1. From the Cα gyration tensor of region 13-93, with a ≥ b ≥ c the square roots of its eigenvalues, which class applies: rounded if a/c is under 1.5, or else prolate if a/b is larger than b/c, or else oblate?
2. Compute the long axis of helix 69-78 from its Cα atoms, compare it with the longest principal axis of the Cα atoms of the chain, and write down the angle in degrees, 0 to 90, nearest 10.
3. Using the Cα centre of region 174-301 as the reference point, and only Cβ charges (+1 on K/R, -1 on D/E), how large is the resulting charge dipole? Debye, rounded to the nearest 20.
4. Less than 20 Å apart at the alpha-carbon level, and either on another chain or at least 8 residues along: which aspartates and glutamates does that give for K171?
5. For a Förster distance of 30 Å, can you work out the FRET efficiency between the beta-carbons of D201 and Q81, rounded to the nearest 0.05?
6. Can you pull out the GluC sites (Glu not before Pro) in region 42-91 that DSSP calls coil and that have at most 14 other Cβ atoms within 10 Å?
7. Assigning unit charges at the beta carbon (Lys, Arg +1; Asp, Glu -1) and nothing else, what dipole magnitude in debye, to the nearest 20, does the chain show about its Cα centre?
8. Here are several values of semi-axes √(5λ) of the Cα gyration tensor in Å: (1) 44, 24, 16; (2) 33, 26, 22; (3) 36, 26, 17. Which one was derived from the coordinates shown?
Amino acid sequence: MQREFFPLDVADGSVMSQSSAQTVLRQEQFDALRAIIYAHVGVHFPDSKKSILEARLSRRVSELSLESFDQYVHYLTIAPQREQEVQEMLSRVTVGHTSFFRDPAQLDFLRKTALPALIESKRHDRSLRIWSAACSTGEEAYTLAVIVHQALGERLADWRVEILGTDVSAKSLAAAQEGRYTDESVRAIDPAVRERYFRQDGPYWRPDPLVQSLVSFDHHNLKDRLGAKRYGTWDAIVCRNALIYFDEAMKARVAAMFADQLNPGGWIALGAADSLETPGLPLAARGDGAARLYLPATPTPASPAPATAAKPLRLA
């Protein structure tokens, strides 16, 4: 249900065949292109993804009437249209994996335990702010809106709920704001939930207007720690299955940003394969499995206390 920019894990046969007779990507050109990608979104393309990068960009080189990847690298770095072309390149070489109600076990924990506890802690000011970072085409953010509505019920009218979905892709954000999804996109949604929270619009499905009213979208790059400050602080941050494509330096940068933007008592939910548990990072895991959340790490005391076994987070 989330997305920053994900390198393709596999190259389908049709894409690879298209590039077989096209421009060859040499190692030095590959190094230049992956450096540009890393500089913009912090995603590292290992050597094993060289053929995928070649397959995805050979056609673009032809479309621009360029004769080589050397010319394309120059186009990305010195042409007047370089910023627009970087966005076009990123949309071609990366893929966002997202769906409604992805990872049911974690969502069940959020719905039954973490979110009710957060709502209880906010009962006096009756406000709730959730950031869906790397949201791709919006399924994550709309799913969060549904479970917030389920948790609050009739109390929703008395609460100020803000769910912000952000992504680095303008194309993905445009699709999220449009909010139209195919039968394939909603097929995994429980029929009762789909009937209650979605409406058919011709061949498409749209989130119910009440769900849409809780959600807004904006452009944000996870590398931009300063830019995140313009949104204020959050009671919960959800960013799933994006960090696995970052190196340790980028993870540290994201961890610091999330810690800065988290309200006291707030928490962060990541994907099952994501981790921010590297020593020295400002966030620490509490709980296990689907119940694992991240909270600000406790500073190490000047005089270390005797070691004790870590206790799982209790939110109920």
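Throughout, read-outs are computed from the coordinates displayed, never taken from laboratory work. Computed from a predicted model, the values in this text were never measured in an experiment. Cβ coordinates were reconstructed from backbone atoms using ideal geometry, including for glycine residues, and neighbour counts include every protein chain displayed.
1. oblate
2. Compared with the principal axis, the helix lies near 60 degrees.
3. Approximately 200 debye in magnitude.
4. E4, E63, E83, E85, E88, E139, E140, E184, D218, D224
5. Efficiency, rounded to the nearest 0.05: 0.30.
6. Those that pass, being in a loop and sparsely packed, are E67.
7. Once rounded to the nearest 20, the dipole reads 760 debye.
8. So the calculated entry is the one marked (3).
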